[in-house]
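Data block below; observations after.
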Amino acid sequence: MSNSGSFSFTGYGVEISLIENPGVKAVDEGKLIFLDNLYSTPMYKLENPLLVKGNTDSFYIRYKSEVETTLELSFENKITLEILLPGSDGILQYQVVVFDGDLISGFRVKSVYPDKENKSFQIIDVGIEKTIPGFIIRTIDNSSVTVIPQGFKILNSNTYLFEELSGRASSQFDQVRISLSYDYSGSEEMDLDLVIFSENNSKSFGLNPRHQGAVVSFYSTSLGFIPTGLTIKNNDPDFSITSIDITPFSKLASINYNPVYADIGTMLNYKKEAWRRSDWELFSWNLFPDILVMDFRDYSLQSSFLKRLTFFVEKSGFSGTLQSNETLSSLHGWNAHDYRAKDLAAFFTKAEEESFILNPEEIELKSILISNRIIKKTESGYDPVSGGILSYSMESSPRLRRLFITHEGYHGIFFSDLEFVAEVQSIWDGLDYSEKQFWYDFLAWKQYDIENSYLVVNEFMAYLMQQRIEDIESYYKDYIIPKYLVAFPDDIDKMSEFLLNYPNHFLDNAKKVEAAAYRLNSISAGELRCLY
């Protein structure tokens with residue numbers, strides 16, 4: 001069969017020829033018939049496998065079926081995905097997210113009950129298109145098509161019910177993602193009380209809306225139940241929900257390192273039992289999607305992935321060099337990490353140039369970064385694309401996990417927002433020599449490479465922003481400086497003079513950095529969460 005048959009395959013605006021096996025009568029094309037002891041469509045092979053060109057695309061199948069069926073989607077590397085297709089009145093479209101570099105080779109649909117005939121099934125068309133979140137139900141009235149993309153109804157001004165979509169999703173998939181898109185036009189920082197609920201369960205959240213709007217997501221496995229609605233208890237006239245999307249989200253580890261799209265608060269509260277693998281989980285930050293976050297089982301595993309990078313990028317006396325596992329074994333790295341695309345690309349290029357043997361975990365990290373377009377392979381090594389990666393570990397206490405992800409998260413903003421970088425650099429450039437010297441001394445004590453000016457300014461910013469403004473003076477004057485003087489008692493006169501001459505250094509500069517972060521990204525010191 002070619003595209004002159006009963007349906008077509010469209011990929012990137014071009015119709016692609018299909019080979020039907022076995023060949024059937026035109027009247028039976030795209031239908032379930034009895035083949036090889038089960039009811040299925042013929043196998044439809046693409047005449048030439050289709051190369052997927054981006055990470056925002058989906059394979060779609062548009063069909064009519066009153067009952068559930070199973071889609072088999074095949075790739076050139078022999079991997080076959082099986083996806084349950086819902087049944088309903090009218091025409092339905094189902095999308096399967098595919099990834100940059102995938103080679104789609106063919107597909108077929110079979111009956112959920114192989115020994116029972118289902119003549120009502122019919123493929124309308126298939127192909128590749130940009131991913132549209134949620135279930136899309138299409139009904140035909142003569143020649144027009146009505147699209148119902150949201151699938152929820154408003155019970156009142158504050159409560160939204162979406163039990164129909166949740167029910168359809170939960171009957172077919174092991175997990176669903178509920179994504180809430182909103183707009184906020186207010187000028188002041190505010191908090192909303194949001195309740196996600198089902199018939200027998202509920203969970204409350206605080207929502208700190210961003211001025212430019214955002215998307216926050218909830219995952220049923222982490223919640224512990226599949227929601228059927230949500231209520232906003234103290235809605236504000238400046239806040240409005242623009243869409244609610246219910247999509248399936250597999251609990252199985254993605255072969256293409258598809259991250260969990262999440263707010264920092266969702267990441268912190270994401271249950272380890274909901275991880276798609278036992279050793280680590282991968283997230284994409286909702287406010288900065290090109291920032292990946294890895295949550296590790298323990299420090300040891302985190303070090304296998306990232307410790308060599310620590311010394312290559314940040315450690316005094318080691319930066320720019322690749323150290324052996326034997327050398328690193330007696331040295332301390334970090335309990336949480338952050339690396340921008342530029343430094344990640346330089347690391348893997350250096351390893352390739354020197355034929356340096358990396359850990360299996362570091363090789364997997366490279367695949368994660370390439371799959372998510374943080375870096376890309378080139379003829380001469382690796383080039384940065386955008387963003388970067390952050391990490392922390394379940395071995396840290398809850399208090400430290402929040403502190404670490406706040407500190408590292410601010411580095412993520414620094415990696416992604418060039419205007420924010422320029423403002424922080426201007427604040428740094430406005431400091432007196434003695435003020436800068438405090439930071440050089442402090443960061444050298446922490447073993448940072450203070451010859452790296454980008455690193456120094458980045459850390460100056462993150463150490464100011466990792467706690468709330470009201471805690472900044474106490475953190476440095478009652479904790480950091482006394483601890484520093486225990487290590488360097490000869491510096492007591494220099495430190496006393498600094499505090500005497502610049503009594504408001506920490507508070508004043510934290511306020512300046514926070515003002516830039518809030519103006520550009522609606523983010524405050526010590527608080528990166530949308531949901532809490």
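Every number here is computed from the coordinates shown, using simple stated rules; none is lab data. Worth saying up front: this structure is predicted, and the values here are computed from it rather than measured. Every residue, glycine among them, receives a Cβ derived from its backbone with ideal geometry; neighbour counts consider all protein chains shown.
Working from Cα positions, state the angle (0 to 90°, nearest 10) between the long axis of helix 453-465 and the longest principal axis of the chain. The two axes meet at around 90 degrees. Around the Cα centre of the chain, unit charges on the Cβ atoms of Lys, Arg, Asp and Glu (plus for the first two, minus for the last two) sum to a dipole of about 1220 debye.
Annotation for segment 271-324 versus segment 331-351: alpha-carbon center distance of 9 Å. Among Ser17, Ser453, Ser220, whose Cα lies farthest out toward the positive end of the dipole of the chain, if unit charges sit on the beta carbon of Lys, Arg (+1) and Asp, Glu (-1)? It is Ser17. Distance from the C-alpha centroid of segment 446-462 to that of segment 1-54: 57 Å, rounded to the whole angstrom.
Among Ser426, Ser222, Ser8, the ranking by other beta carbons within 10 Å of each residue's beta carbon, starting with the fewest, stands as Ser426, Ser8, Ser222. Mind pulling the angle between the C-alpha long axis of helix 433-445 and the longest principal axis of the chain? Nearest 10 degrees, somewhere in 0 to 90. Orientation of helix 433-445: about 70 degrees from the principal axis. One way to sum up the overall shape of the chain is the equivalent ellipsoid from its Cα gyration tensor, whose semi-axes run 49, 28, 18 Å, largest first. Protection proxy ranking, highest mean first, for peptides 65-78, 351-364: 65-78, 351-364, where packing is the per-residue count of other beta-carbon atoms within 10 Å, averaged. Candidates Tyr339, Ser329, Ala351 compared by Cα position along the dipole of segment 257-416: farthest toward the positive end lies Tyr339, with charges placed on Cβ. Checking the Cα-Cα distances for Lys25/Lys45; Lys307/Lys512; Lys315/Lys342; Lys342/Lys366 against a 22 Å cut-off, the pairs over it are Lys307/Lys512. Put a plus charge on the Cβ of each Lys and Arg, a minus charge on the Cβ of each Asp and Glu, and nothing anywhere else: the dipole of segment 277-379 about its Cα centre is then about 200 debye. Neighbour counts of other Cβ atoms within 10 Å put Phe7, Phe107 in the fewest-to-most order Phe7, Phe107. Shape class of segment 418-521 from the Cα gyration tensor (axes a ≥ b ≥ c, square roots of the eigenvalues): prolate, since a/c reaches 1.5 or more and a/b is larger than b/c. The listed peptides 262-275, 441-454, 485-498, ordered by packing as a protection proxy, come out as 262-275, 441-454, 485-498 (highest mean of other Cβ atoms within 10 Å first).
Rounded to the nearest 10 degrees, the angle from helix 360-371 to the longest Cα principal axis of the chain is 70 degrees.
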